[in-house]
Amino acid sequence: MRKAIILSALAVIIACTSVLSGCSSKETIKIGAATYTETKIMAAIYKELIEDRTDLTVDITPDLLSNPMILKSMSRDDLDMALMYSGVIFSNFFPVKQTTDRKEVLKQAQEGFDKHYDFTWFDPLGWENTYALTVQEQTAEEKGLKKVSDLKKDQGNMKFGVDSSWMERKQDGYPAFIKHYGFDFEQSYSMDINLVYEAVANERVDVVLAYSTDPRLIQYHLKTLEDDKRFFPPYDASMVARNEVLEKHPELKPIMNELVGEMDEETITKLNYEVDIKNRNEREVAREFLTEKGLLNNGSEGTK
């Protein structure tokens, strides 16, 4: 009797072990996301696509504090992919040529991260998240403002609100901007970046330096002006993945390429608005976007 009990117990243990190993045999892709919303939305979008199209599962690590942290985690194989921006090449990750030419910056990002990190830097998704000079939509219409150069004729009558840190930066801040565009606002006010949107909406200032995909642009009815003399370096959004994981799972590459060139600034800003202003969940917003695009094979049944 005792022997039978022991054998039965061993059988249960073996069965449990088999079940557990079967459950854990499914491979996992690890996506990292920074602290700001659009990186989390894109992580959720690719989680949905990968789990919908393959037998892989996806884990997301959100709120990573910096690009160096993301790159270090990918280099240690703690992460497999993440959303990044082409302008990060100017953060001393490897030698680069200083330029604001969009194609050249992308080329350096793709070649540099392949050579120095063994990562694939995919072609841009279609938007960039960079500094942008911004005015009220009504002001833009009244004064015929479409690009930054258009501000020159009204510079003496317009108040400029700007992030405090940018005012002090010599190489790519306000002093360099004045030299590049050939005009200076007579009245400029330094403030926290989070205050500039409300300040221009409430007409305490006329022009502010904002971020080009911030959902508060929609919330406060603001218009970004084209950086027509290309002062700010391009920050085109692309997915970046370890070559090792792409070689191991070749089915990932077409999935990664599917949204290339398909998401403009208006699209990502609206998605940011749904999460940040309407307080919706990133995954819910991601699924809704993909469903509207007809990109989920399993539709609403595909959630894992």
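The values are calculated or read from the model by the stated rules, or taken from the named source; none is laboratory data. Everything numeric in this text was worked out from a predicted model, so none of it was measured. Heads up, the Cβs are rebuilt from the backbone with ideal geometry, glycines too, and the neighbour counts pull from every protein chain shown. For accessibility, only protein heavy atoms count, side chains too; no ligands or nucleic acids. Shrake-Rupley method; radii C 1.70, N 1.55, O 1.52, S 1.80 Å.
Here residue 126 meets each of (1) in contact with a Gly (Cβ under 6 Å, 6 or more places away or on another chain); (2) open to solvent by less than 10 Å² (accessible area, probe 1.4 Å); (3) modelled with pLDDT of 90 or more with one exception, condition (2). Within the range 130-167, the set of residues being at pLDDT below 90 and touching a Pro at 6+ places or on another chain (Cβ under 9 Å) comprises just one member, 167. List every residue pair whose Cβ atoms sit under 7 Å apart, with the two residues 6 or more apart in sequence or on different chains, where the first one lies in the range 217-235 and is touching a residue at least 60 places away in the same chain (Cβ under 8 Å) and the second, anywhere, is open to solvent by 30 Å² or more (accessible area, probe 1.4 Å) and basic (Lys, Arg). What qualifies is 225/146; 225/147; 226/146; 226/147; 228/147; 234/102. Go through the residues of the range 270-282 one by one and say whether even a single one is within 23 Å of residue 210 (Cα to Cα) and of a type in the set (Val, Ile, Thr). Checked against the condition, which is being within 23 Å of residue 210 (Cα to Cα) and of a type in the set (Val, Ile, Thr), the range 270-282 yields at least one hit.
Of the residues making up the range 237-259, not a single one is in contact with a Pro (Cβ under 8 Å, 6 or more places away or on another chain), acidic (Asp, Glu) and modelled with pLDDT of 95 or more.
Consider the range 50-67. How many of its residues are assigned to a helix (DSSP H, G or I) and under 17 Å from the mean Cα position of the chain (by Cα)? Give the steps one after another, and end with the answer.
Restricting attention to the range 50-67, the residues satisfying the condition of being assigned to a helix (DSSP H, G or I) are 50-53, 67.
Pick out the ones that are also under 17 Å from the mean Cα position of the chain (by Cα) and you get 67.
Counting residues in the range 50-67 that are assigned to a helix (DSSP H, G or I) and under 17 Å from the mean Cα position of the chain (by Cα) gives 1.
Which of the residues that make up the range 61-113 are of a type in the set (Asp, Glu) and open to solvent by 20 Å² or more (accessible area, probe 1.4 Å)? Those that are of a type in the set (Asp, Glu) and open to solvent by 20 Å² or more (accessible area, probe 1.4 Å): 63, 77, 78, 101, 104, 111.
Counting only helices (runs of 4 or more DSSP H) wholly contained in the range 136-217, the ones carrying 2 or more residues that are loosely packed, with under 14 Cβ neighbours inside 10 Å occupy 137-143, 164-168, 174-181.
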